[in-house]
Structure formats: C-alpha cells, structure tokens
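Note sheet for the following structure.
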Amino acid sequence: MSPDAQFQALGSIERVTRRELILDRLRAAVAGGELPPGTHLAETELSASLGVSRGTLREALRALEEEGLLSKDSRGRLSVRVVTLEEVRDIFDVRFALESHAAEVVCARPDLESALPALRAALDRLEASEHGPIPEQVDADLAFHEAICAASGNEVLVASWRRVSGLARAAIMAAGRETAVLNMSAARHEPIFDAIASGDAQRARAVLHEHSTTARDLIETRISQA
C-alpha cells in the first residue's frame, strides 16, 4: 500500500470516529431532554454548535433518522421524533416478540449457565447506572434487553432488535424523565434474569410480557395525560 493510500485510510477512520461521537452526543441530548421531542434540527446551527462540518453532521443525522430517533416532515426538515400512542404500542409489540423468542431460545440452551454471566453483567450495569445521567440509564436498559437477544445466538434476531432500538429509545423517553426512570430500574429487570436463569421458557415469556405491558401502559397513560 502506498503512503497516500495509508493516509487516506487513516482519514476514513477519523471521519467514522467523529460521526460516531456525534451520534452518541445527539442520542444523549435526546435522552437527557436537551433536545425534546419536536425540536427542529437546523444543520447550520447544529454543525456550528458541535464544531463539525455539515457533511459529517448530515451523515450522523441520516443514521439517526434510519434508527427512528428523528423524523422528517413534508419539507424535508428533520426533528426529534414525537412518538404517538399507536407507535408506542407497535414498538413494544415488536420488542416483546423479539425478546420473548430470544428468551425461549436461551432457556432451551444446553449450556444455559454459560449465557448467564453476560446477562448478569448487563443487569449489574443497569443497577450501577441508576444514579447516573439519564442517557447512561437508557443505554444500560437497552443493553440489557439486547443481551437477551444476543444470548440466543441468532444474529438475524439481534440485527432486527437493533433496527428497532432507536424507536425503543424514543418510546422510553416519550412520557418524560420520571416515567423513564421508573421503567428502567434494575429491580424491574431482575425477575427477567431470574426467569431466564431458571430455564423455564414459559415463565420467562410471562415475566417479559408483564414487564413489557407494564412499561407500555405507564408510558401510554402519561402521554394521554400530557
């Protein structure tokens, strides 16, 4: 490889890194309430605020739109997604379908014990995040649920879950910080770990259904009252 090619490769790595940093920053701003639902994201002002080029910012915004965290109006303007009641129901239905299937597969694993440390680590991370910033709590919450899917060993299922994770992030924050914190507590997730650890697929599915339904209903109630 020529020196020029080597330098170009290093430049590509830097651009990707900057885009990922912007993605993380914007996700945290949405989860933390700095960018509440409905906020219009003007490229010029936002790129200046973040200190990045409009091209790099545009790549990050496009990725967040694909995740479902941002939405585009009829004029092509991007805003932080406003989640409707119907979307909350759809998001939780899809998540439950994916996660409950994953839990059943994990319960049926002959090496179930080997899958538990990763799930316990994800639960411990969630507990440790409880007194930290909201963005960290959201990341930890989603990481626990993704860990269930990952433990199934089904890469297609994991990829499907990740595609809905942006919408899930939006749904978590749809009813505000207080509701999000209630839904993300480690205590609410401990029974999921215990059910999977028991190897009882029916119990794991029932616990996940109760967990999902309770979270969804609380979000829907708070949105309706707003």
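The values are calculated or read from the model by the stated rules, or taken from the named source; none is laboratory data. On a predicted model such as this, the values are computed, not experimentally measured, just so you know. Every residue, glycine among them, receives a Cβ derived from its backbone with ideal geometry; neighbour counts consider all protein chains shown. Areas reflect the complete protein model, heavy atoms only, side chains present, ligands, DNA and RNA absent. Shrake-Rupley method; radii C 1.70, N 1.55, O 1.52, S 1.80 Å.
Here are the numbers for the structure shown:
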item	result
Selection from Ala121, Ala31, Ala63 lying farthest towards where the dipole of the chain points positive, charges on Cβ	Ala63
Other-chain or far-sequence residues with amide H under 5 Å of Leu70's (modelled H)	Glu65, Arg81
In Hz, Karplus ³J(HN,Hα) per residue of region 53-62 (6.51, -1.76, 1.60; θ = phi - 60°; x = Gly, Pro)	6, 5, x, 5, 4, 4, 4, 5, 5, 5
Rounded percent of accessible protein surface that carbon and sulfur make up, region 73-160, 1.4 Å probe	55
Helix 85-107 axis, angle to the chain major axis (alpha carbon atoms, nearest 10°)	60
For region 34-173: accessible area per residue (Å², 1.4 Å)	48
Nearest-0.05 FRET efficiency for Arg163 and Thr44, computed from C-beta distance (R0 25 Å)	0.25
Integer Hz, Karplus 6.51/-1.76/1.60 couplings in order for region 79-84, x for Gly and Pro	9, 5, 4, 9, 7, 8
Exposed-loop-free span, longest in the chain, where trypsin sites (Lys or Arg not before Pro) count as exposed if DSSP calls them loop and at most 15 other C-beta atoms lie within 10 Å	78-226
Label selected from (1) 50, 39, 31; (2) 53, 45, 29; (3) 55, 55, 33, the criterion being Cα extents along the principal axes in Å as computed here	(3)
Estimated FRET transfer efficiency when R0 is 25 angstrom, pair Ser53-Arg75 (beta carbons, to 0.05)	0.60
Protein accessible area in region 174-226, 1.4 Å probe - carbon and sulfur %	51
At R0 = 22 Å, FRET efficiency that the Cβ-Cβ distance of Glu178 and Val94 yields, to 0.05	0.30
Helix-only [θ]222 nm of the chain, DSSP H runs n ≥ 4, -39500 (n - 2.57) each, per residue, nearest 500	-25500 deg cm²/dmol
In degrees, nearest ten, helix 201-225 long axis to first principal axis of the chain (Cα)	50
